[in-house]
1. Taking the criterion of being in contact with a strand residue (DSSP E or B) (Cβ under 7 Å, 6 or more places away or on another chain) and touching a residue at least 40 places away in the same chain (Cβ under 8 Å), would at least one residue in the range 374-383 satisfy it?
2. So G200 passes all but one of these: (1) closer than 28 Å to C159 by Cβ; (2) loosely packed, with under 13 Cβ neighbours inside 10 Å. Which condition number does it fail?
3. Give the residue, chosen from A123, A170, A149, that is over 30 Å from N239 (Cβ atoms), in contact with a His (Cβ under 7 Å, 6 or more places away or on another chain), touching a residue at least 12 places away in the same chain (Cβ under 8 Å) and in the same structural domain as E51 (by TED's automatic domain parsing).
4. Give the residue, chosen from T171, T163, T151, T183, that is buried (at least 17 other Cβ atoms within 10 Å of the Cβ), farther than 25 Å from R365 by Cβ and at pLDDT 95 or above.
5. If G330 satisfies all but one of (1) surrounded by fewer than 16 Cβ atoms within 10 Å (Cβ to Cβ); (2) within 25 Å of the chain's Cα centre (by Cα); (3) outside any loop (DSSP other than H, G, I, E, B), what's the number of the condition it fails?
6. In the range 342-361, how many residues are part of a strand (DSSP E or B) and either loosely packed, with under 14 Cβ neighbours inside 10 Å or aromatic (F, W, Y) (or both)?
7. What tally of residues in the range 229-251 results from selecting those that are within 30 Å of the chain's Cα centre (by Cα) and among the charged types (D, E, K, R)?
8. Could you grab me the full set of residues in the range 228-264 that are surrounded by fewer than 14 Cβ atoms within 10 Å (Cβ to Cβ) and in a loop (DSSP other than H, G, I, E, B)?
Amino acid sequence: MEQGQGAERTAPAGLRTGAGLRHGCMRLLPPFLLMLALAAPAQASDDGPLEVTQRTMHWQGATESGSDAWYRDNWAKGSIVMPYVTSSRKDVAARINDELYMGLIGIPAPSAAGANFELTIPADDSALVGTSSLEFELARDDEHIFSVAVTQEGCGAYCENYTTHYHFDATTGRPFAAAEVITSAGKKDIVKRMDREALGQYRKMLKTLQADLALQLKTGKPSQPGGSVDDTRDRIELNEHCLQEVLERQQDSSRNLDEDFRYLAMAIPDDKGVSFRHERCSNHASRALDDVGDVNLPVPNAQLRGMLTDYGRFLFFGGDRPREALDPFGVFLHGKIGQSPIALRIAVEKGSQQVSAVYYYDKYRRPIALTGTADGDRFTLTTSKTDKDAETFELVRHGSTLAGQWHKGNALQPVSVGP
């Protein structure tokens, strides 16, 4: 397996609390760091940091044959290590855990603490297909924001590491994205600053490479072990191409800066600011020639404050919670179908009437996918089963809650879910 370039650099600095397979070897934490990572007070205060432990997926599935047997064999060796949040605020911890486990594994989070967890659905139905290892790093964890960086090694035609950052409102457990906390003017400013940062890095690298090439041509010796004139020329060509791409973006009169912002990843390494990352210019085939790699743009709090929405200022600096932060979408809501406890999450795409959702019964903890439509505050959701077996939710929004009815065939039950 091949380790992706820059995976460690893209994750925020902090205590690494996961373990992954690298070149067939298990990377282990030093004992004193492992003790720090796993030590946790019995309870967290109402406004204190959430506590995080690590849980390894216990895999006993088939790995004997098939093109994907090699990565499932890694699972059997403990290569999937997830965070697990605990707190005296059980509803907050449950929302964060469900968001992480549903998004990364494809299952509801374990309902109780422990050192391991089971993959409770078929491997081919999980979100782990093509993932050989997964580890995490805790970033910001205070009374305002809980943020964690998850690094995975994904393999298809080739293997590569990539890091995804997950951010949560620490008072509610609600996930949030950069687009929700940065104003339109702030997004445009960040995209333009990222362009300038990229241009500066490519120009600096070109200057270095061109000097190296001149020295090699003069002395007949490579400037780096294993280097060559052809290799340096290839690097120059790649950086010139990357530089030209940025210049063309800047000159594009039809460019939508708000749309371009969506392609930047935001990390929250601590309470001093954020950083944005633009993925490297090179493709996998030319990755070895890309000396710049990902372009990172740090934004300290002094600059960040003026770019934030009302909700963003509340999250990063405290104060009064804005009303729009209390909507029931994009977060797991808990309630009941009849007398059966459930959790339901609805995703609504802005400007669209199409919605998607997932729910599960607390007793069985198996995800059930739903699709449907929105008409104002009214939602109709159904499973993808045949008409005879289809389950349908008809719900109405009331502030931060949803209520209505569930029916399947002749069975009809009331539904109510909320924060």
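The values are calculated or read from the model by the stated rules, or taken from the named source; none is laboratory data. Quick caveat: nothing in here was measured; it's all calculated off a predicted structure. Don't worry about glycine lacking a Cβ; one is built from the backbone with ideal geometry, like all the others, and counts go over all protein chains shown.
1. Checked the range 374-383: no residue is in contact with a strand residue (DSSP E or B) (Cβ under 7 Å, 6 or more places away or on another chain) and touching a residue at least 40 places away in the same chain (Cβ under 8 Å).
2. Status for G200: all satisfied but (1).
3. None of the others qualify; the one that does is A170.
4. Only one candidate passes the filter, namely T151.
5. Every condition holds for G330 apart from (3).
6. 5
7. 3
8. Within the range 228-264, S228, D252, S253, S254, R255, N256, R262, Y263 meet the criteria.
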